[in-house]
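The values are calculated or read from the model by the stated rules, or taken from the named source; none is laboratory data. Everything quoted here is computed from the prediction, not taken from an experiment. Because the Cβ atoms are built from the backbone with ideal geometry, glycine has one as well, and the counts that use them run over all protein chains shown. Accessible surface is based on the protein model in full, side chains and every heavy atom, while ligands, DNA and RNA are left aside. Shrake-Rupley method; radii C 1.70, N 1.55, O 1.52, S 1.80 Å.
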Amino acid sequence: MRPDLSRADLWREDCYIAGVWRSGDERIAVDNPANGETIGSVPFMGTAETEEAVTAADAALPEWQRLTGKERGAILRRWAALMLEHCEDLARITTAEQGKPLAEARGEVVYAAAFLEWFGEEARRVRGEVLTPHASDRRLVVSRRPIGVVGAITPWNFPLAMITRKAGPALAVGCTFVIKPSEFTPFSAMALALLGEEAGIPPGVFNVVTGDAPAIGEVLTEDVRVGKFTFTGSTAVGKMLAARCAGTVKRVSLELGGNAPFIVFEDADIDAAVEGAITSKFRNTGQTCVCANRFIVHDDVYERFAEKLAARVGQMIVGAGLEGPSDQGPLIDERALAKVEDHVADALARGGRLLAGGKRHAAGANFYTPTVIVNVAPDARLCHEETFGPVAGLIRFRTEDEAIRLANDTRAGLAAYAYTRDASRHWRLSEQLKYGMVGLNTGLVSTEVAPFGGVKESGIGREGSHLGIDDYLETRLACIAV
Ligand code: NAP
C-alpha cells in the first residue's frame, strides 16, 4: 500500500528526462521492506534512455551556466524550502520504500534540504585567482569552471540526502545532472525531481533514470559527454565503476563503505558513550556508511559499558516506521538480514557471548532484534566487513597504542569514533586514526557545513562544506601576453 500523503502527486512512478515525465511498459516493482508489500513500480530503462538524459543534460548546460551563481542559488534555496514545506510527505515516502522510522526520515529530509540551501548560498562564492606572472609581459588568470554533465549513482540508505549532497554543489556551479537512484528507493528521487521542477529548475538540468543498473552505469561512466561521475554505494561496485571511468579520464568521486571503530577509553563518560553508541550504531537500523562497526573498549570500563549498552538496546522499540513509534525499522531485504545473521553466528562461534538480541524479530520478515555481543574475537567477520545491521560487537584493549592499531586494521577509512575526556588524546587520535572523519565524544559527524568523505578504500573526494563544491569545478588557466 502506498503511504497516505497530503500531496498525492508527490508520489511519481515515472522517470524524469529533459523535463518530461516518462513512463515505460517494462517496470520494476518496489516493495516496502517492513511488510514485503509492493508499493509501486518504476520504468526499467537502459542505454537508450540514459543517453537521452545525457543529451538533455548536455543541451541544458549553456542556458544553466548563463545564469549567475545568485540566480542558480535562489533556485536551489527554493528547492530546499519546498522540501521542508513537504517534509512530512517526503518522510512518509522515504519510510515506505526504505523502512527507516518516520522520525529518522523527517531528520533525513531536513539534512537533505540543508545541502541544497548550503550550496545555494555557496553558488555565489566560486572564485578564481590572478597570479603574479613569471614574465613582465604576461598575465596569469586562474578560473574555476563547472565540469559539465555529472552522472550520479546513489544507494538506498539515504534516498534523499545522497542525491542532494551531489546535486546541490553540481547545480550550484552550473553543472547539469543525471541521477540513477537505487532500485529500492526510487520514489524519493522522483518526488525530489517534482519539487525541483516547481522550484524552477529548467528542463534537462536534473534528470532521473531508473532501471537496468549496469546499462545505465555504462553510459554514465563511459559517455564522453559526461565530465564527472559521482558514486555512493558499496566499495566493490564503486571500484568497478571507477575503473570504467578511466577510458574517458572522467573526474570521479566515490563515497564507499566504511568499517568504523568506536573506541571507549577508561576515562570516558560512560553514559555519554552509550548514547553516542546508540546514535552511531543503531541509526537507520545500523545501515549507515558511518555506522560504528566495531566497539573497542578499555578493560577497566568494559563490563560497565557493555551492561549499560545492552540495557539501552533492550529498550529500543522495533517496528514498522509508518505504524506507530519505532526506533528500529526493518533491514532493506532478506539478503541484508542473512548477512547480519551470518555475522552474529560467526562472532558466537569464535567465542562471543550475547548480551542482547541475537535473533530475528517478530515485527516482520526483515526485522532483526538489536544485538550486543561481548568477547568478540578481533578476527571475527563483524570486525572486518561492514555488517550493515543492528549488531554491536565489543572487543577489549589495554593501551592507547593497541586501540589505535586495532582501529586502523582495515582497508576502510570513512569514520571513527572515540570517547575520552583527555584533551591531548583528542589530538593524538585525530592525527593517528586513519579516517576521513573522527568523532570525539560524539556519535554523529554528518552536517552540511563539514566535509564528508573517506580515505583509503572508503573513497575519493568530499561532499558538503565549502570543499564539496571543488569536486564539480575544474581549474583553467589563461596565460595572456600583454
Ligand atoms: P550498492 O549495491 O553498491 O548500490 C549502490 C548503487 O549502485 C545503487 O544505485 C545500485 O543500483 C547501483 N549499482 C549496483 N550495481 C551496479 C552496476 N553493476 N552498475 C551500475 N550501478 C550499479 O550499495 P547499496 O547496497 O545500495 O548501499 C550500501 C553501501 O553504500 C554500503 O557499503 C555503504 O557503506 C555505502 N554508502 C556509503 C556512503 C558514503 O558516503 N561513503 C553513504 C551511504 C552508503 P540498484 O540498487 O538499482 O541495483
Restricting the range 164-189 to residues that are among the aliphatic types (A, V, I, L, M) and in contact with a strand residue (DSSP E or B) (Cβ under 6 Å, 6 or more places away or on another chain), the one farthest from the ligand (Cβ to nearest atom) turns out to be 173
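Scan the range 110-127 and tell me whether some residue there is within 29 Å of residue 321 (Cβ to Cβ), open to solvent by 40 Å² or more (accessible area, probe 1.4 Å) and aliphatic (A, V, I, L, M).
Keep residues of the range 110-127 that are within 29 Å of residue 321 (Cβ to Cβ), which gives 110-119.
If we keep only those that are open to solvent by 40 Å² or more (accessible area, probe 1.4 Å) as well, we get 110-111, 117-118.
Right, trim to aliphatic (A, V, I, L, M) and you get 110.
The answer is yes; a qualifying residue exists.
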Picking from 411, 405, 353, the residue that is at pLDDT 95 or above and within 16 Å of the ligand (Cβ to nearest atom) would be 411
Scanning the range 313-346 residue by residue, those at pLDDT below 95, open to solvent by 60 Å² or more (accessible area, probe 1.4 Å) and over 19 Å from residue 275 (Cβ atoms) turn out to be 323
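Let me confirm something: among 95, 50, which residue is of a type in the set (S, T, N, Q), in contact (Cβ under 8 Å) with a residue 12 or more places away in the chain and within 24 Å of residue 150 (Cα to Cα)? Working first, answer last.
Numbers: 95 fails: within 24 Å of residue 150 (Cα to Cα).
It is 50.
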Is there a residue being among the β-branched types (Val, Ile, Thr), at pLDDT 95 or above, in contact with an Asp or Glu (Cβ under 9 Å, 6 or more places away or on another chain) and over 24 Å from residue 354 (Cα atoms) anywhere in the range 392-401? no
Filtering the range 117-147 down to residues that are among the acidic types (Asp, Glu) and under 22 Å from residue 464 (Cβ atoms) yields 117, 121, 122
Restricting the range 443-464 to residues that are buried (at least 19 other Cβ atoms within 10 Å of the Cβ), of a type in the set (Gly, Ala, Ser) and part of a loop (DSSP other than H, G, I, E, B), the one farthest from the ligand (Cβ to nearest atom) turns out to be 443
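Residues to consider are 469, 460; find the one that is over 18 Å from residue 259 (Cα atoms) and either hydrophobic (A, V, I, L, M, F, W, C) or free of Cβ contacts under 8 Å to residues at least 24 places away in the same chain (or both). Before you say what the answer is, go through the steps one by one.
On the way: 460 fails: over 18 Å from residue 259 (Cα atoms).
None of the others qualify; the one that does is 469.
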So, first residue touching a residue at least 60 places away in the same chain (Cβ under 8 Å) in the range 147-159, second residue part of a strand (DSSP E or B) and within 10 Å of the ligand (Cβ to nearest atom), Cβ within less than 6 Å, six or more apart or across chains; the pairs are 152/179; 153/180; 153/231; 154/232; 155/232
Residue 144 fails exactly one of (1) in contact with a Cys (Cβ under 8 Å, 6 or more places away or on another chain); (2) assigned to a strand (DSSP E or B); (3) open to solvent by 20 Å² or more (accessible area, probe 1.4 Å), namely (1)
Return a yes/no flag: does the range 298-310 have any residue that is part of a strand (DSSP E or B), surrounded by 16 or more Cβ atoms within 10 Å (Cβ to Cβ) and more than 16 Å from the ligand (Cβ to nearest atom).
-> yes
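Among the residues of the range 191-219, how many are assigned to a helix (DSSP H, G or I) and within 14 Å of the ligand (Cβ to nearest atom)? If you could, list the steps in order and put the result at the bottom.
Looking only at the range 191-219, we keep the residues that are assigned to a helix (DSSP H, G or I), and these are 191-199, 213-219.
Now narrow it down to the ones that are within 14 Å of the ligand (Cβ to nearest atom): 213-219.
Within the range 191-219, residues that are assigned to a helix (DSSP H, G or I) and within 14 Å of the ligand (Cβ to nearest atom) number 7.
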Subset of the range 228-247, residues more than 13 Å from residue 457 (Cα to Cα), open to solvent by 60 Å² or more (accessible area, probe 1.4 Å) and either within 11 Å of the ligand (Cβ to nearest atom) or part of a loop (DSSP other than H, G, I, E, B) (or both), comes to 244
Of (1) open to solvent by 10 Å² or more (accessible area, probe 1.4 Å); (2) in a loop (DSSP other than H, G, I, E, B); (3) among the β-branched types (Val, Ile, Thr), residue 279 satisfies every one except (2)
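Got a number for residues in the range 148-170 being part of a loop (DSSP other than H, G, I, E, B) and of a type in the set (Gly, Ala, Ser)?
1
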| request: For residue 225, indicate whether it is more than 10 Å from the ligand (Cβ to nearest atom), touching a Lys or Arg at 6+ places or on another chain (Cβ under 6 Å) and open to solvent by 40 Å² or more (accessible area, probe 1.4 Å). | output: no
Residue count, the range 32-70, condition in a helix (DSSP H, G or I) and closer than 18 Å to residue 170 by Cβ, comes to 17
Within the range 128-146, of all residues that are in contact (Cβ under 8 Å) with a residue 60 or more places away in the chain and hydrophobic (A, V, I, L, M, F, W, C), the one nearest to the ligand (Cβ to nearest atom) is 142
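Do we find that residue 440 is farther than 21 Å from residue 350 by Cα, of a type in the set (A, V, I, L, M) and open to solvent by 30 Å² or more (accessible area, probe 1.4 Å) in this structure? Lay out the reasoning, then the answer.
Values: farther than 21 Å from residue 350 by Cα: yes; of a type in the set (A, V, I, L, M): yes; open to solvent by 30 Å² or more (accessible area, probe 1.4 Å): yes.
It is true that residue 440 is farther than 21 Å from residue 350 by Cα, of a type in the set (A, V, I, L, M) and open to solvent by 30 Å² or more (accessible area, probe 1.4 Å).
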Counting only residues in the range 8-48 that are more than 17 Å from residue 97 (Cα to Cα) and among the charged types (D, E, K, R), the one most open to solvent (accessible area, probe 1.4 Å) is identified as 25
